[in-house]
Amino acid sequence: MFRVNTMAALRMAEAFVAHVARSGKKLMASISSGMGSIADNGSGGYYAYRTSKSALQMVMKSLSIDLAPRGIIAVVMNPGWVKTDMGGAGGNLSTDESVRRMRGIFDRLTLEDSGKFWHHSGKEFPW
Ligand SMILES: NC(=O)c1ccc[n+]([C@@H]2O[C@H](COP(=O)([O-])OP(=O)(O)OC[C@H]3O[C@@H](n4cnc5c(N)ncnc54)[C@H](OP(=O)(O)O)[C@@H]3O)[C@@H](O)[C@H]2O)c1
């Protein structure tokens with residue numbers, strides 16, 4: 001889980017940084033979870049999942065700093081509780097709605113918004 005959530009994002013960034021730097025939007029976004037927030041952790045448990053998402057958030061924060069000189073925005077997203085195999089039928093967002101909301105945020109992001117953790121509602125989420 002740690003490798004998929006964290007090292008994969010870093011490896012993807014390394015592999016595609018030149019392509020992103022030449023792109024129109026210059027955006028790298030990773031899907032984290034509210035479960036990755038230390039500030040929002042009010043229920044404990046889920047050690048591996050929470051830890052891997054917190055580490056992902058640190059990767060994206062460092063990328064936002066290191067890639068800012070190249071004009072690249074790096075952010076992490078909280079997609080909400082989504083009806084997927086993982087989220088289950090109890091989720092309160094469809095995949096279409098979660099993605100629509102996140103794409104709306106992507107459209108508005110500027111370099112000023114880089115290095116932040118974004119909730120699907122468009123508000124910043126606490127680290
Ligand atoms: N659903 C939610 O409520 C929710 C909430 C917060 C965050 N998230 C995050 O959103 C992202 C997508 O989650 P989801 O809800 O769509 O989960 P999901 O329905 O369980 O889908 C997970 C996907 O990841 C793929 N996958 C799993 N392990 C992999 C590996 N080692 N290498 C390559 N691919 C792998 C699976 O592929 P296969 O189908 O081939 O196994 C599947 O396509 C995750 O990062 C999750 O942590 C989801």
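The values are calculated or read from the model by the stated rules, or taken from the named source; none is laboratory data. The structure displayed is predicted, hence computed values, not measured ones. So basically every Cβ, Gly included, is an ideal-geometry build from the backbone, and we count neighbours across all protein chains shown.
Looking only at residues in the range 38-68 that are in contact with a Ser or Thr (Cβ under 7 Å, 6 or more places away or on another chain) and of a type outside the set (A, V, I, L, M, F, W, C), which one is nearest to the ligand (Cβ to nearest atom)?
Lys53
Is one or more of the residues making up the range 10-29 under 19 Å from Arg108 (Cβ atoms), within 16 Å of the ligand (Cβ to nearest atom) and either of a type in the set (Asp, Glu) or not in a helix (DSSP H, G or I) (or both)?
yes
Give me the pairs: first residue in the range 33-58 and among the aliphatic types (A, V, I, L, M), second residue modelled with pLDDT under 95 and loosely packed, with under 13 Cβ neighbours inside 10 Å, beta-carbon distance under 7 Å, and six or more apart or on different chains, which are they?
Ala48/Met1
Do you know which residues across the range 93-109 are free of Cβ contacts under 8 Å to residues at least 24 places away in the same chain, within 20 Å of Lys83 (Cβ to Cβ) and in a helix (DSSP H, G or I)?
Answer for the range 93-109, where residues must be free of Cβ contacts under 8 Å to residues at least 24 places away in the same chain, within 20 Å of Lys83 (Cβ to Cβ) and in a helix (DSSP H, G or I): Thr95, Asp96, Glu97, Ser98, Val99, Arg100, Arg101, Arg103, Gly104.
From the list Asp85, Asp40, Asp96, Asp66, which residue is closer than 20 Å to Pro126 by Cβ and acidic (Asp, Glu)?
The match here is Asp40.
Among Glu97, Glu112, which is the only one that is under 26 Å from Ile38 (Cβ atoms) and among the acidic types (Asp, Glu)?
Glu112
Mind checking which residues of the range 10-30 are under 12 Å from the mean Cα position of the chain (by Cα) and without any contact (Cβ under 8 Å) to a residue 60 or more places away in the chain?
Within the range 10-30, Met28, Ser30 meet the criteria.
Please find, within the range 69-91, the residue that is nearest to Gly36 (Cα to Cα) out of those that are touching a Gly at 6+ places or on another chain (Cβ under 8 Å) and either in a helix (DSSP H, G or I) or near the ligand (Cβ under 9 Å from one of its atoms) (or both).
Asn78
Can you tell me how many residues in the range 98-118 are surrounded by fewer than 17 Cβ atoms within 10 Å (Cβ to Cβ), more than 22 Å from Leu67 (Cβ to Cβ) and either within 12 Å of the ligand (Cβ to nearest atom) or of a type in the set (Val, Ile, Thr) (or both)?
Counting residues in the range 98-118 that are surrounded by fewer than 17 Cβ atoms within 10 Å (Cβ to Cβ), more than 22 Å from Leu67 (Cβ to Cβ) and either within 12 Å of the ligand (Cβ to nearest atom) or of a type in the set (Val, Ile, Thr) (or both) gives 1.
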